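To start, the structure itself, in structure tokens.
The values are calculated or read from the model by the stated rules, or taken from the named source; none is laboratory data. Since the structure is predicted, the reported quantities are computational estimates derived from the model, not experimental observations. Every residue, glycine among them, receives a Cβ derived from its backbone with ideal geometry; neighbour counts consider all protein chains shown. With ligands, DNA and RNA removed, areas are computed over all heavy atoms of the protein, side chains included. Shrake-Rupley method; radii C 1.70, N 1.55, O 1.52, S 1.80 Å.
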Amino acid sequence: MSILLKNCRLISPDTDLNGAAILIEGEKIKRIYAPGDALPAADQVIDLNGNMAMPGFVDIHCHGRSSFDFCDATDEAITTMAVDKLKEGVTTLLPTTLTLPEEVLAKALQTAANYVKSGVKGCKVPGVHLEGPFINPKCLGAQNPAYVRKPDIEEVKRLAKIFPVKKVSFAIEMEGAPEFAAELLSEGITPSCVHSAATFKQFLAGHEHGLRNLSHFCNQMTALHHRDIGLVGAGFACEDVFIEFICDTLHICPDMINLVFSLKDINKIQLITDAMRASGMPEGISDLGGLEVLVKDGAARLTSNGALAGSVLQLNVALKNVYNITEMELSDLVKTTSWNQAQALGLKGIGRIEPGYYADITVLDNDFNVVKVFVNGEKRLG
């Protein structure tokens, strides 16, 4: 089966080409055609009407959507999430857990395995992201203190036997945490630091053991200070460190977004949603990990103390926000929606619109609304 996507503005890392065409054969991109090139015959021709075609977005930090949370641990929850994330241009998803008992995490991972086996036509789900439970109890955010525990590679291994674990976010200052980072890497899992009160020195101890990622940068981590630059300083000072970024303008103010994009290598920034179950839903009362949340004016906050409780952000909106705030070229910004995630996690064949890559393509209009989505060469939205 061949599909020709014609008349698009092709935006891929370091590429911005108006009037381009993309030939898809089977699951992969066969060829790119520049304006004026003779176009081939194809089984199906789709006119994209000048809209933007970007590599399918990769959300590596997402707890829920459309009234469901991954840790509901039901087949309906993961299926709804994976299908509805297409609406924001996401083609690859890492469902993200909360600080909960191992038996609940195990049930959630089993639903991810069930989803992949089911063949449902939603996002790709190559693995999961464990956020917690190995965090600092003094840096909970919206995580449940009842289930915080010390880093335990054996627990991670048990969970990974159920379904692949691609990333674990934990506090690097906890007992045994630097060694835990190295153990994760030996299992092919990306270690990341967050919900942490680590000093810069403690971060460097983890860095020596292979720590190269910071989850939801600036949030629930030690701030930049002139006597200890902490984890925010580590994100700036260490050029080899990837950072996740929630660009909803609430978790991170526009001035900080501008600052980060002006100082940090664009190849190390990853846009995420950190979305909870209220994403895509009307505002009102919701919950996160058993904690009551009020969603009002676009912000999700715990009713108990007002702490931000994840977001209701959608990834196409995150990209729009960054584009409007920074005024950077989309051929650079598009790296932050998929390519950088693929590099940080070792996901092969995604993140670019180039021959040989999977035909995971998100089509957006000029206001960043999602028009069509292709996954492995198959149109799954629009």
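Tabulated results
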| item | result |
| --- | --- |
| Lys/Arg +1, Asp/Glu -1 at C-beta; region 107-188 dipole; positive extreme among GLY122, GLY132, GLN143 | GLY122 |
| Given the chain, longest segment not containing exposed loop trypsin sites (Lys or Arg not before Pro) (DSSP; at most 13 other Cβ within 10 Å) | 1-137 |
| Region 1-129: C-alpha gyration tensor shape, a/c 1.5 cut-off, then a/b vs b/c | prolate |
| Residue-wise HN-Hα coupling along region 215-224, computed from phi with Karplus coefficients 6.51, -1.76, 1.60 (Hz; x: Gly, Pro) | 7, 4, 3, 5, 9, 6, 8, 5, 6, 5 |
| Area projected by the alpha carbon convex hull of region 158-232, averaged over all directions, nm² | 4.9 nm² |
| Amide proton proximity set for CYS238, modelled H, under 5 Å, gap of 5+ | none |
| Value of Rg to Rh for region 252-324 (Rh from inverse mean 1/r over Cα pairs, i.e. Kirkwood) | 1.03 |
| Residue-normalised accessible area of region 239-353, given per residue in Å² at a 1.4 Å probe | 38 Å² |
| Structure-based [θ]222 nm, the chain - -39500 (n - 2.57) summed over DSSP H runs of at least 4, per residue, nearest 500 | -7500 deg cm²/dmol |
| Convex hull volume per residue in cubic angstrom - Cα atoms of region 71-216 | 105 Å³ |
| Long-range amide H partners of LYS167 with built H, under 5 Å | VAL128, LEU130, THR190 |
| About the Cα centre, charge dipole magnitude for the chain (Lys/Arg +1, Asp/Glu -1 at Cβ), debye | 500 debye |
| DSSP H segments from the chain that extend 18 Å or more along their own axis, Cα-based, with Kyte-Doolittle mean of -1.0 or above | 102-118 |
| Cα radius of gyration and Dmax for region 281-382 (Å) | 17.0, 51 |
| Whole-angstrom gap from region 61-92 to region 183-258, using each part's C-alpha centre | 26 Å |
| Long-range amide H partners of SER279 with built H, under 5 Å | SER66, SER67 |
| Rg over Rh, two decimals, region 192-351 (C-alpha only, Kirkwood Rh) | 0.97 |
| Radius of gyration, Dmax [the chain; alpha carbons; angstrom] | 20.1, 64 |
| Spatial separation of Cα centroids for region 25-40 and region 321-382, in angstrom | 18 Å |
